[in-house]
Amino acid sequence: MNTGLVKNTPFAWDGGGQREYKLVIHPDAVVYDKIMTEKQRFAAKYGTETVAKSFPYILVAGFYAGEGMEETLIRWIQRICSQHNSFEVILNNYSGFPQHTIYLRIQNPHPLQQLARQLKTLDNHVLSMSGAACEHMPHLALAGDLPEPVYEKAMPAYSQKTFRANFTANELVLLARDHPFALCKTLTVFRFLPANHQSYSEAV
């Protein structure tokens with residue numbers, strides 16, 4: 001039986017009988033509250049109740065896997081995160097993915113892109129690991145899966161709005177769910193090294 005990972009494509013469920021996993025970074029409490037206030041404002045203005053019910057996070061990687069791979073996956077991801085330093089995330093204004101998502105831009109994407117590339121090294125051990133969500137365009141969605149008319153109405157307004165916040169990313173969170181209508185549950189939290197800690201690879 002195939003228990004390897006298969007690529008996670010957006011807006012679809014391709015996992016068959018496998019679990020869907022997401023590796024995400026959550027903002028701290030202050031930034032979380034600031035984003036949720038904006039999400040509630042958006043939902044009230046544009047009549048999109050689901051926007052106010054979705055929680056803010058940065059998707060670093062997503063994949064499907066059989067449950068038999070879970071312990072091994074956790075061990076591999078822990079090894080990667082234990083060598084990665086904490087880093088600052090700077091959110092700066094809005095942009096969009098036509099015609100469905102309005103998101104907060106990440107001004108300093110390099111640490112996230114580096115982490116996504118490191119996670120893709122799992123390709124050496126399993127069938128496929130998709131870090132593409134963060135490898136190319138790291139972002140934090142304000143409002144996703146929008147109907148096209150709502151996107152067309154809201155995007156011009158949000159392209160003129162300002163938003164700036166920053167927080168320190170200290171950990172990577174592994175979420176999982178068994179079918180597309182289930183809520184994601186937290187499985188494990190992987191802590192990064194302190195920001196000023198010199199990793200072994202840097203010291204040699």
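Please work out if GLY131 is at pLDDT below 80, surrounded by 13 or more Cβ atoms within 10 Å (Cβ to Cβ) and either out of contact with any Cys (no Cβ under 7 Å at 6 or more places or on another chain) or of a type in the set (Gly, Ala, Ser) (or both).
yes
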Taking the stretch 83-96 and keeping only residues that are within 16 Å of the chain's Cα centre (by Cα) and either modelled with pLDDT under 95 or of a type in the set (Asp, Glu) (or both), one is left with GLU88
Could you pull out every one of the strands (runs of 3 or more DSSP E) wholly within the stretch 13-120 that has 1 or more residues that are among the polar types (S, T, N, Q)? 87-97, 101-106
I want to confirm something. Restricting to the stretch 29-64 and keeping residues that are surrounded by fewer than 17 Cβ atoms within 10 Å (Cβ to Cβ) and among the hydrophobic types (A, V, I, L, M, F, W, C), which single residue is farthest from ILE106 (Cα to Cα)? ALA44
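The values are calculated or read from the model by the stated rules, or taken from the named source; none is laboratory data. Predicted model only: the values in this text are computed from it and were never measured. Here the Cβ is made from the backbone with ideal geometry for all residues, glycine too, and neighbour counts use every protein chain on show.
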